[in-house]
1. What is the one condition in (1) in contact (Cβ under 8 Å) with a residue 60 or more places away in the chain; (2) away from chain A (no Cβ under 14 Å); (3) closer than 26 Å to B:ARG536 by Cβ that B:VAL345 does not satisfy?
2. Among (1) under 36 Å from the mean Cα position of the chain (by Cα); (2) exposed (fewer than 13 other Cβ atoms within 10 Å of the Cβ), which single condition is B:ALA446 missing?
3. Do any residues in segment B:544-561 that are within 8 Å of chain A (Cβ to nearest Cβ) and within 23 Å of B:ARG616 (Cβ to Cβ) have Cβ atoms under 8 Å from those of residues that are buried (at least 22 other Cβ atoms within 10 Å of the Cβ) and among the acidic types (Asp, Glu), where the two are at least six apart or on different chains, and which pairs are they?
4. Please verify whether segment A:22-41 includes one or more residues that are over 13 Å from the mean Cα position of the chain (by Cα), at pLDDT below 85 and surrounded by fewer than 18 Cβ atoms within 10 Å (Cβ to Cβ).
5. Looking at segment B:213-241 only, could you name the residues that are under 20 Å from B:ALA164 (Cβ atoms) and touching a residue at least 40 places away in the same chain (Cβ under 8 Å)?
6. Test A:SER11 against the stated conditions and say whether it is part of a loop (DSSP other than H, G, I, E, B) and of a type in the set (Ser, Thr, Tyr).
7. Looking at this structure, is B:GLY547 surrounded by fewer than 18 Cβ atoms within 10 Å (Cβ to Cβ), at pLDDT below 90 and either in contact with a Cys (Cβ under 9 Å, 6 or more places away or on another chain) or assigned to a strand (DSSP E or B) (or both)?
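The values are calculated or read from the model by the stated rules, or taken from the named source; none is laboratory data. Everything numeric in this text was worked out from a predicted model, so none of it was measured. All Cβ positions, even for glycine, are placed from backbone atoms using ideal geometry, and neighbour counts span all protein chains on display.
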Amino acid sequence: VPDLCSIDFESRGNVLVARISGEIDISNVDAVAARLAAMFERADHYVVDLSGTTHLDSAGIHLLFTLGERLRTRRQTLHLVVPSDAPIRRVLRLADIGAVVSLSDDVDDIEARAAAERADPAP
Amino acid sequence: VQLLVVVACYYGSAELGLRLAVVGKSVTPLWPPTGVALVAMLVLGRRIWPAIAVAAFAVNLPISPNALTAVVIATGNTLAPLVATTLLGRIGFDRSLARVKDAFVLVFVAALASMCISATVGSLALWLTDAVSGSKLAGSWSVWWTGDAMGVLVVAPVLLLITAERDRAWPERSRLELVAVSALVVAACAVALLGEQQTMFSILPVLGWIAWRFEQRGAAPATLFVSVAATLAAVWELGPFTDASVVHRMVVLQSFNATVAFSSILLASAVSQRENFVEHEHDIAESLQRSLLSERSAECPEVASAARYIPARAEVAVGGDWYDVIPLHDGRLGFVVGDVAGHGVGAAAEMGQLRMVLRAYALEDHSPAETLQRVNGLLRDLHSNAMATAWYGCYDPASQVLTFSSAGHFPALVVDADGHNEFLDEIHGPPLGAIATTQYTESTQALDGAATLLLYTDGLVEKRGEPIDARLDALRAAVSTAPRGLDAMCDHIVATLLDGAIEDDVALLALRPIAVGGPTLRLREPALPTTLPAARRVVRAWLTQNGCSSDETFDILVALSEAYSNAVQHAYGVTPGLVEVDGTIGDGVIDITVSDHGTWRSRPAVRRDGAGKGIRVMRSLMDDVAIESNGPGTTVRMRRVCKVPSTSA
């Protein structure tokens, strides 16, 4: 059985980007969570790029909430990248995920903010 | 009761043995009770020894000088089989005598070595009571010893055979042969034992034949018969035993009986061992095959399939036939059928490897031609000697197009709803592993929901003495009259083409894409997380073919996933039941129900972290959602109004 989704990791300075392409549901959400947790150790900023994610339901939303909460307790930040016209944005908005994580249109935006923060560390 | 039976058998066989006495009343060249005692201990356990001791005492009392001597002789007669049984147990003797080792152990350990004990004890007892003079001690010992040993060699195999649980039926042909060969044994005995001495050993080839054809269960009774006949001839001074001294008769008789018993038992064991090895190898290869093929072609609700795998008869080693159904990305499906050249465990193992290699390349989304190309290249790089014909096709349910490539395999057959059929004749390259540098090509074929695709291996169509074209025509004829149901179709084809004669392995795979274009949808899947992606694929194809936009399709699929996930997570206990998905579409209104027959263990509560938010998501994405829990089972009804072209006429 082919993987329902693939995850590519990319490190940009102090930003780690995880690109999830494909679908997330109850059949693979635990595997996705384990792979993300294994990589999310070193950087300050974490980006989950959902541009290539074609299906996301409450199983995936639960995963993103849990991840966001855990990083927040470690004073790290989780950013989600979701194109404004992507269908999954509707699902994320329904779940009010913006209360826990930040939503952006693309990765460059987050990277710029992270770079600015590094040049001028917050008090 | 067992003890009484053993006592009776021992005593009875002793009486028979004494009838064969050559010297005096008690020294006989064949002493069956030792065989009875040995088998009794082997089968019933050594605890049976008191029965042997009592019976031996009863037998020896009337023929011994006094009671004490009888006690001593009985002790020796009990000790010998006891020691033999212990030694056989230590060595790991198998009562079926199916290995050469067992035959050797029976001959040398149980018969020749252990029976020294009874011969020594018995002879010394007679000598001490002056029943036998010192000068005759050696002679008495040797007759005693050979008598006991022959009792084991001649009688024990027959008794072991009778007590063995393994019971194979005699084939009709064997039964006739058995009657013929039995008559021949009687005739040969008559000639050998009533004629001159030189003809005595002419009986050996007949015994050899019996051992070869019928193994231990033929050889053991024949040996017993021949030995008893020879002993009787010696007692009655017939044929070769006419006008000879007692010693001469004994020597000839014992050497003859020993030759008969040794050669029969050993040859029969050698044949059994070889047969068992061949059978064993066949079993290994077959279970290897089955373990690879029995995997459920899981999670492909888009395609209905039926498969038949029939291994060749036991005399022929199984081959390397295989088939495979591979779920690919985006709902496409791969179908494979192949046949590794050669037979036996090696071919079955190569088949397992090739099947996995092909599967791996197919899952990397290579086209059929490219997949075969890579498998062929890998065989070349590994310097593998494996060679296989293979057919790999990839079916896209969305476009209803099959793309396929054949590496020297028999052509697939496409059957329409009325049974009309045609071969997909194209061959796209030589068998895998045949030519290192080959460019495989591929073809395409439209395949709608009414069509059936039949894949098979050579065992189905090749038959000795018949031209292959005639057999392929026979296949087409069988298919055109076959029932429409996939299982019934496979059974009809196998029954028509093979009529019972399986010369080579047969693999047959029938595949039919399930039509998802109609106004209704029906899915029944096990309530497991792993079935959700496939269910979504089917519903996606159904919605797309009914003209739903991608945004509408997305919303409905998320809502479906929520309802489906709830059924998977909450409806059933450890044993999963079914999730039922039904859909109707008409005038732009799509109704989908997701039902289960379990009792939700807990109603999912809406919490902040997203768990239990499924119901809220459903309500937001669909126009109407109703959840009914009445009795066992929960039904979620969802409605969505779409901007699809009207389906009414």
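1. (3)
2. The one condition B:ALA446 does not meet is (1).
3. Partner pairs satisfying both residue conditions: B:VAL558/A:ASP57; B:SER561/A:ASP25; B:SER561/A:ASP57.
4. Yes; the residues of segment A:22-41 include at least one that is over 13 Å from the mean Cα position of the chain (by Cα), at pLDDT below 85 and surrounded by fewer than 18 Cβ atoms within 10 Å (Cβ to Cβ).
5. Taking segment B:213-241 first, the residues under 20 Å from B:ALA164 (Cβ atoms) are B:213-225.
Passing the criteria: B:PHE214, B:GLU215, B:GLN216, B:ARG217, B:GLY218, B:ALA219, B:ALA220, B:PRO221, B:ALA222, B:THR223, B:LEU224, B:PHE225.
6. Values: part of a loop (DSSP other than H, G, I, E, B): no; of a type in the set (Ser, Thr, Tyr): yes.
So A:SER11 does not fit the description; no.
7. Values: surrounded by fewer than 18 Cβ atoms within 10 Å (Cβ to Cβ): yes; at pLDDT below 90: yes; either in contact with a Cys (Cβ under 9 Å, 6 or more places away or on another chain) or assigned to a strand (DSSP E or B) (or both): yes.
Judged against the criteria, B:GLY547 is a match.
Okay, residues lined up against (1) within 18 Å of A:GLU111 (Cα to Cα); (2) charged (D, E, K, R); (3) not in a strand (DSSP E or B):
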{"site": "A:HIS55", "(1), (2), (3)": "no, no, no"}
{"site": "A:HIS62", "(1), (2), (3)": "no, no, yes"}
{"site": "A:PHE65", "(1), (2), (3)": "no, no, yes"}
{"site": "A:GLU69", "(1), (2), (3)": "no, yes, yes"}
{"site": "A:ARG72", "(1), (2), (3)": "no, yes, yes"}
{"site": "A:LEU78", "(1), (2), (3)": "yes, no, no"}
{"site": "A:PRO83", "(1), (2), (3)": "yes, no, yes"}
{"site": "A:ARG89", "(1), (2), (3)": "no, yes, yes"}
{"site": "A:ARG93", "(1), (2), (3)": "no, yes, yes"}
